[in-house]
1. Assuming Val95 fulfils every condition listed in (1) open to solvent by 10 Å² or more (accessible area, probe 1.4 Å); (2) assigned to a strand (DSSP E or B); (3) more than 14 Å from Trp167 (Cβ to Cβ) apart from one, which condition is it?
2. Are any residues in the range 370-391 within 20 Å of the chain's Cα centre (by Cα) and open to solvent by 10 Å² or more (accessible area, probe 1.4 Å), and if so, which ones?
3. Looking at the range 167-223, which of its residues are open to solvent by less than 50 Å² (accessible area, probe 1.4 Å), acidic (Asp, Glu) and part of a strand (DSSP E or B)?
4. Restricting attention to the range 98-122, which residues are part of a strand (DSSP E or B) and either in contact with a Lys or Arg (Cβ under 7 Å, 6 or more places away or on another chain) or under 19 Å from Ser220 (Cα atoms) (or both)?
5. Condition check: open to solvent by less than 50 Å² (accessible area, probe 1.4 Å) and hydrophobic (A, V, I, L, M, F, W, C). Does Ala164 satisfy that?
6. Residues to consider are Arg301, Arg336, Arg365; find the one that is surrounded by fewer than 24 Cβ atoms within 10 Å (Cβ to Cβ) and among the charged types (D, E, K, R).
7. So is Ala191 touching a strand residue (DSSP E or B) at 6+ places or on another chain (Cβ under 8 Å), within 30 Å of Ala76 (Cα to Cα) and of a type in the set (Gly, Ala, Ser) or not?
Amino acid sequence: MTRGRRWGVAVLAVALLAGGCTGDDGRFHPGAADVGDPYVPGSGNGGYDVGHYALKVRYDPADDRLAGGAVLTATATTALSRFQLDLAGLTVDRVRVDGAPAKHRRDGAELVVTPAHGLPAGQRFSVEVTYGGVPEPLPSAELGDGGFQATGDGAIALGQPESASTWYPVNDHPSDKATYEIQVAVPDGLAALSNGVPEGTESRGGWTTWRWSEGSPMASYLSTLVIGDYRVATGTHAGKPIVTAVAATLPADGPAAASVARTGEIADFLAGRFGPYPFDAYGGIVVADDRIRYALETQSRPVYGPGFFRGTRPNTEVVAHELAHQWFGDSVSVARWSDLWLNEGFATYAEWLWAEHDGGRAVERAFADRYAVTDWRRPTVDPGRAAMFGDAVYQRGALAVHALRRAVGDATFFRILRGWLAERRNGTATTADFIGYAERTAGRPLRPLFDAWLIGASPPALP
């Protein structure tokens, strides 16, 4: 994400709910109500792993009503008597598990599902949910609203760390990534843009259905839905589809359009540093809603708020930042939000790399300028929920990346990055995982370096 300008070795634990066992002589247990991530209390759920989401939604901007059907394919990771899905504000009409009716109830922003029979550990199962209503965003005094927001001509579903649960039932934490099929029906004349490969459109009875598929595992907060009047450009780049869209109210020859038009070029530059582009499609969407004061790395198709393109000149650095996230954050995702610097530090560093390449400030100058103004009292790792999008995560994170480069040299540095991304592709990771990989690749201890640059309370010595 770009906003207007503890680590440890423990893994993320999934605990069972307290309480008595139910069903089949106590062999089955209720799944956990969340994944235990303090940065997003109540978000995500335990006891199962989602492999695929098949979503069919219909949205009418005239009354802001959404009607949806979702089929989740999942695997039980423990013997389940019941499980929970994140779903905020919408009304559930029906739930089926493996085709059989299942009991369900709401508990705040949770949908509690009790199947007719217990689900043994290791069993693959499907959940079908029929739902609808008027979606609302998730309010947050610390981080700002995220999720589904109606606009004058459509809607924007977007946000980090949470957003997906406002428009479909989901296990809403990046530790549970899945593939997606998304079908969206909207009134004729409107675009319905989402993630992945475009699978065509079909018009019938005044409605157009747009189809998208994301075949690489995706964290739920990276899913998006943008509906409205957009100038949509389609083509191919490096043998893959590329879809860019700019809100029709923004000038066709303005800085926003000029910036996203360089998406393929910037992605190629980053691929030369990080390794092959990790997904089956490219793209970008520029919205015109001033409530979106950030850009977000929604998988294969980043979304950019209008504030990045206020002047007369293109802003390709924000494009470089969000495209870098396709590697750092999307392909390799954080296992817990306290390690967000693994996304933002590298994406900020990619801005420095691109600016130098594109005739702007040299990386060494960017490093020196930022080093001089950094508040070293603020840690990069585990900065606290309120500071998870602060300068320590982005800018101090980028300083740590360049300090690693200076310490090990260019050849080893880029070998670490490319190897890390290849080894962890489509997975999740922690800070400790990255440090361990960097040490193995460099053949030397690096923890003191990272301690100093990520969590030390005083300016570290320059390597």
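The values are calculated or read from the model by the stated rules, or taken from the named source; none is laboratory data. Because the structure is a prediction, the values reported are computed rather than measured. Please note: Cβ atoms are built from the backbone with ideal geometry, for glycine as well, and neighbour counts cover all protein chains shown. These accessible areas exclude ligands, DNA and RNA; they are computed on the full protein's heavy atoms, side chains included. Shrake-Rupley method; radii C 1.70, N 1.55, O 1.52, S 1.80 Å.
1. The failed condition is (1).
2. Asp382, Pro383, Gly384, Arg385, Ala386, Ala387, Phe389, Gly390, Asp391
3. Correct list: Glu214 only.
4. If the condition is that a residue be part of a strand (DSSP E or B) and either in contact with a Lys or Arg (Cβ under 7 Å, 6 or more places away or on another chain) or under 19 Å from Ser220 (Cα atoms) (or both), then Glu110, Leu111, Val112, Val113, Thr114 are the ones that fit.
5. yes
6. Exactly one residue qualifies, and that residue is Arg365.
7. No, not satisfied.
Yes or no, residue by residue, for (1) touching a Ser or Thr at 6+ places or on another chain (Cβ under 9 Å); (2) open to solvent by 40 Å² or more (accessible area, probe 1.4 Å); (3) within 23 Å of Glu199 (Cβ to Cβ):
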{"position": "Asp253", "(1), (2), (3)": "no, yes, no"}
{"position": "Ser259", "(1), (2), (3)": "yes, no, no"}
{"position": "Ile266", "(1), (2), (3)": "yes, no, no"}
{"position": "Pro278", "(1), (2), (3)": "yes, no, yes"}
{"position": "Arg291", "(1), (2), (3)": "yes, yes, no"}
